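Enquirer: Got a structure here, written out as structure tokens. Questions coming.
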Amino acid sequence: MTPIWQAARLALGTASALGFGRFAYGLLLPAMRSDLGWNLADAGMLSTANGLGYLVGAVATPAVVRRLGTAAAFRTGMTLTATALTSTAVGNDHLFLLATRAVAGAAGAVVFITGGVIASHIATHASSGTPIAVYFAGTGVGIVLSGTTVPLAGDHWRMAWVGLGIAAGLAALASWTATRVDSPAPKVAGHAHLRPLWPTALAYLLFAGGYITYITFLSAYLADRHASTLEVMSAWTAMGLAVIAAPVLWSRPISRWPGSRALCVLLAVLGAGAALALVTPAPPVLLASTVVYGATFMSVPAAVTASVKNNTAPVDWTATLAALTTVFAVGQTAGPWIAGTLADHTSTNAALAFTAIACVAASASAAIPPPHSPDQKENDNDEFRPDPRHVPRRLVLRAAHRAAAHARPSRVSADPHRGR
């Protein structure tokens, strides 16, 4: 199995946990809101519950990995995601629906983190960052499948949830053996290292609160403007295709650009894309906004994962990714409820404005240089120190001869004036 093909099958994890388990709710929000008599704050609470579950799952993932191992934790999360999505179809009670969304969030966090660790090991074995980008691009597959099918269900939102559950179950089966790596991910979770990554962590927090509001309230924003089913399908499909194409745009910057430059640029472009929809409700502009959003938002976690891979030891990847995902989950939990409350008092424009402001602020945070410890500075200097094995032999001998000459005591010439 080639690394890219293995990463593509593993990417069904993000397609299920994120594309189906988190983002598809935005497509179903208008029908559920109408049928169940919710306001936007009530609707936002389901995304908040999903984010809270994600937070719990992120905190629990290291313990789950210690008990089950990385591969088994990924498979368990995939199975629970499919179960939670199917269960959402049978509830009317708001509390029950909050619970199913929370379970989907917790299972999705386990999938997201463990899949990222496995993708990092595949990338290390392949000496390429492409498997990581491919893994996160799987979210686009889930968005495209949701965007082309869920709107056709119309007001029959329960049937749509059943369909999403079945799709998640098939994704679990297809990705089952993609968790095998030549050098298995360690069963221990290691230790989290957030202090040297605090600008990235702050940027991740702001990004999480901002990006989720756009995709949660996008369909409500379109419904307020009386968009047709075809327009809604076009917007979501374009977004999903942009997510799939994102690795072509961002794999090289993420793996080659120094520091957090790629993360900074990604967040700035994402904020601009969200703001674009506020310029005019014209369909071409809205379509451009969704394309820019789709081409950037899932590359942010890829950039953060690459940063963890480059700055921590493999044994610490799971714990550090779990800690960053916990930070992410805090922002993702608060964002939809805050934006929904603002939108109830103003309009759905507030949700998109919230995304733009949060992502621009996140870009500013990512631009802050991370602190360097003395050990890190020494390691940085080591990068420029030549390996003796790669230095020509004549240069080594010449350097040794010069060192010996300097070490030999020099003869002092007689000074005719000495002693006078």
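The values are calculated or read from the model by the stated rules, or taken from the named source; none is laboratory data. What you see is a predicted model, and the numbers here were worked out from it, not measured in a lab. No Cβ is skipped: glycine too gets one built from the backbone with ideal geometry, and neighbour counts run over all protein chains shown.
Enquirer: Within the set of pairs 6+ apart or on separate chains, which have a first residue in the range 2-16 that is in contact (Cβ under 8 Å) with a residue 60 or more places away in the chain, a second that is among the charged types (D, E, K, R) and surrounded by fewer than 19 Cβ atoms within 10 Å (Cβ to Cβ), and C-beta atoms under 9 Å apart?
Expert: Note: pairs meeting the criteria are Q6/R180.
Enquirer: Another question, if that's okay. Collect the residues in the range 296-325 that are within 13 Å of A123 (Cα to Cα) and among the charged types (D, E, K, R), keeping them in residue-number order.
Expert: Answer for the range 296-325, where residues must be within 13 Å of A123 (Cα to Cα) and among the charged types (D, E, K, R): just K309.
Enquirer: Among the listed residues T81, T88, identify the single one that is part of a helix (DSSP H, G or I), crowded, with 24+ Cβ neighbours inside 10 Å and over 21 Å from the mean Cα position of the chain (by Cα).
Expert: The conditions single out T88.
Enquirer: Can you tell me which of V144, V150 is under 30 Å from A72 (Cβ atoms) and either in contact with a Pro (Cβ under 8 Å, 6 or more places away or on another chain) or among the hydrophobic types (A, V, I, L, M, F, W, C) (or both)?
Expert: Just one listed residue meets the conditions, V144.
Enquirer: Read through the list (1) more than 30 Å from H156 (Cβ to Cβ); (2) crowded, with 19+ Cβ neighbours inside 10 Å, then give the number of the only condition that R261 fails.
Expert: If we test R261 against (1) more than 30 Å from H156 (Cβ to Cβ); (2) crowded, with 19+ Cβ neighbours inside 10 Å, just (2) comes out false.
Enquirer: Mind checking which residues of the range 292-306 are closer than 20 Å to A358 by Cβ and outside any loop (DSSP other than H, G, I, E, B)?
Expert: To start, the set of residues in the range 292-306 that are closer than 20 Å to A358 by Cβ comprises 292-304.
Result: V292, Y293, G294, S299, V300, P301, A302, A303, V304.
Enquirer: Another question, if that's okay. The conditions are (1) more than 24 Å from G13 (Cα to Cα); (2) modelled with pLDDT under 90; (3) under 18 Å from the mean Cα position of the chain (by Cα), and V248 fails exactly one of them. Which is it?
Expert: (1)
Enquirer: Just need a number here: residues in the range 201-232 that are touching a Pro at 6+ places or on another chain (Cβ under 7 Å), surrounded by 17 or more Cβ atoms within 10 Å (Cβ to Cβ) and farther than 17 Å from T280 by Cα.
Expert: Residues in the range 201-232 being touching a Pro at 6+ places or on another chain (Cβ under 7 Å), surrounded by 17 or more Cβ atoms within 10 Å (Cβ to Cβ) and farther than 17 Å from T280 by Cα: 3 in total.
Enquirer: Here's a check for you: in the range 140-157, which residue that is among the hydroxyl-bearing types (S, T, Y) and surrounded by fewer than 24 Cβ atoms within 10 Å (Cβ to Cβ) is farthest from P301 (Cα to Cα)?
Expert: Looking at the filtered set, the residue picked out is T149.
Enquirer: Which condition breaks for P196 when tested against (1) surrounded by fewer than 18 Cβ atoms within 10 Å (Cβ to Cβ); (2) over 25 Å from A58 (Cβ atoms); (3) not basic (K, R)?
Expert: The number of the failed condition is (2).
Enquirer: Here's another thing I want to ask about it. Among the residues of the range 9-41, write down those that are in a helix (DSSP H, G or I) and either among the basic types (K, R) or surrounded by fewer than 19 Cβ atoms within 10 Å (Cβ to Cβ) (or both).
Expert: The first filter runs over the range 9-41 and keeps only residues in a helix (DSSP H, G or I), leaving 9-10, 12-23, 25-36, 40-41.
Within the range 9-41, R9, R22, R33, S34, D35, L36, A41 qualify.
Enquirer: Quick one: in the range 241-274, which of the residues that are touching a residue at least 60 places away in the same chain (Cβ under 8 Å) and assigned to a loop (DSSP other than H, G, I, E, B) is nearest to T148 (Cα to Cα)?
Expert: S260
Enquirer: Only one residue in A313, A277 is more than 19 Å from A364 (Cα to Cα), in contact (Cβ under 8 Å) with a residue 24 or more places away in the chain and surrounded by 23 or more Cβ atoms within 10 Å (Cβ to Cβ), so which one is that? Write out each step before concluding.
Expert: Details: A313 fails: surrounded by 23 or more Cβ atoms within 10 Å (Cβ to Cβ).
None of the others qualify; the one that does is A277.
Enquirer: Does A343 satisfy being at pLDDT 90 or above, part of a helix (DSSP H, G or I) and either buried (at least 16 other Cβ atoms within 10 Å of the Cβ) or among the hydrophobic types (A, V, I, L, M, F, W, C) (or both)?
Expert: no
Enquirer: Scan the range 127-139 and tell me whether some residue there is crowded, with 18+ Cβ neighbours inside 10 Å and over 30 Å from R252 (Cα atoms).
Expert: No; the residues of the range 127-139 include none that is crowded, with 18+ Cβ neighbours inside 10 Å and over 30 Å from R252 (Cα atoms).
Enquirer: Hey, does the range 320-335 have a residue that's over 18 Å from L202 (Cβ atoms) and either assigned to a helix (DSSP H, G or I) or modelled with pLDDT of 85 or more (or both)? Please lay out each step first, then the result.
Expert: If we filter the range 320-335 for residues that are over 18 Å from L202 (Cβ atoms), which is where we start, we get none.
No.
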